[in-house]
Every structure is written in structure tokens, then in C-alpha cells.
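The values are calculated or read from the model by the stated rules, or taken from the named source; none is laboratory data. The shown structure was predicted, so the numbers you read here are calculated from the model rather than taken from an experiment. So basically every Cβ, Gly included, is an ideal-geometry build from the backbone, and we count neighbours across all protein chains shown. Only protein heavy atoms, including side chains, enter the accessible area calculation; ligands, DNA and RNA are left aside. Shrake-Rupley method; radii C 1.70, N 1.55, O 1.52, S 1.80 Å.
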Amino acid sequence: MDVKNPYVRLRELCGTSQKGFATKHGFGKMTMVYLESGMYTRVSDRQSIALGRECNEKGVDAHEVLREEYGATSLNEAYLAWRSEDRKVRAPSVLAKASPPFSGSDDVSPVAQFVKDTAGSLQGFCKLLKIPSITMTRYIRGETSTVPDALWSALEDVKYPHAVALADAQLGWLEGRAL
């Protein structure tokens, strides 16, 4: 599978670079990086409208491209399907590097260690699983005790068999720090 992110595909069909598109429509560099790597949980209305305007200006029939190439009726439908497919292809072999028991240290949570052991960095992990990095940062640090929905659904999506053990290890680490 080497299907492109539909946002990237449509932007490229318009003949616009990532930087040129971002500048023209008032998006920051990181917004474009996160959007085009799949780290957002959906395409925002503002992002969708900007791409729609670009397609209209350049004569690109976005609805036809989405229907023909992605079998989708909307940009978000295509984006979510692409995110799921891409992570199902790429993530399982990377995540297979880590299995229970999951552990950390006083300063490093089990999830932080898991991220390091699998993808090497938080940014790499978030790009691989297509989840927002700020959500993961809070969870890794123990600022939130509940597994973020984005992480949980990504782990379920790729059928990672040790998701519950990982969540339990993180909770145990948090409880140990509270003593």
C-alpha cells in the first residue's frame, strides 16, 4: 500500500508546495506537518475549506478524486481511512519490538520507555500511529492517568496485543509515584 494522504494528494494535484499552500492560507509549518503526516484526528473545517478553495482555483475536482482514488464521499472520510490503513501497514512490525513486562523508572514512565523502544522518539511514534503528540506528552509524563482515546483507538486499529498490559503498567507507575 502506498496510497497518499488525500490532503497531500489534492494539494499536489493543485501544483502547490506544502510551504506555498501554508503561506497562502495562513497555516503554520507544524500544522501542515501534523496534517500531512496524519497526526490530526480529523481535517478541520478551516483546513478543508482552504483545500477546497485551492482545488476550485486550479480546476481540480476534489470530489471526483476522493471518489475515484479513495472510494470516499468526503475529505475527512478519506483522511480517516488513509490514517487507519497507513498505520495498519507500518505500525505492527515496529510495535512488535516491545512486549510485557513494561517498566519504567522514577523519571521515565512505562509508556515513555515503550515509545523509545519502538519508534525511538515521541515524534516518530506519533507519526507512526498517527496521533497528536500533545496528547501523548501529557500521558507519558503522568499528567493524565487515562489512556488517551487517540492512542487507545490506534493500538486497537493495529491490533497491538499488549495494549491493556501497557496501560496497566502506566497506571501502576502513576500509583507508585503518588505514594
Just the number please: accessible area per residue for segment 29-161, 1.4 Å probe, all protein chains included, in Å².
52 Å²
Over all directions, average the projected area of the Cα convex hull of segment 68-132 and note it in nm².
5.3 nm²
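Could you give the alpha-carbon Rg of segment 25-125 over 2.2 N^0.38 Å, rounded to two decimals? Can you show the working numbers first?
Values: Rg = 18.0 Å, N = 101, 2.2 N^0.38 = 12.7 Å.
Compactness ratio reported: 1.41.
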Spatially proximal aspartates and glutamates relative to LYS4 (Cα-Cα < 20 Å; intrachain offsets below 8 disregarded)
GLU12, GLU36, GLU54, ASP61, GLU64, GLU68, GLU69, GLU77, GLU85, ASP86, ASP157
Only residues of segment 9-23 count here: report those whose backbone N is under 13 Å from the spot 7 Å along Cα→Cβ of GLU69, or say none.
9-16
Mind checking Rg over Rh on segment 1-68, alpha carbons, Kirkwood formula for Rh?
0.93
Please build a GNM for the chain, connecting alpha carbons under 10 Å apart, and tell me which residue among PRO161, PRO100, PRO132 fluctuates the most.
PRO100
Given a 1.4 Å probe and every protein chain left where it sits, what share in percent of the accessible area of the chain is carbon and sulfur?
52 percent
Largest first and in whole Å, give the semi-axes of the chain's equivalent ellipsoid, each being the square root of 5 times a Cα gyration tensor eigenvalue.
35, 17, 12
Paramagnetic label zone (point 7 Å from Cα along Cα-to-C-beta, GLN18; backbone N under 17 Å) in segment 63-83:
83
Could you give the length gained on full extension between GLU85 and SER103, defined as 0.36 nm per residue of separation minus the Cα-Cα distance, in nm?
3.5 nm
Estimated FRET transfer efficiency when R0 is 35 angstrom, pair THR144-ARG53 (beta carbons, to 0.05):
0.40
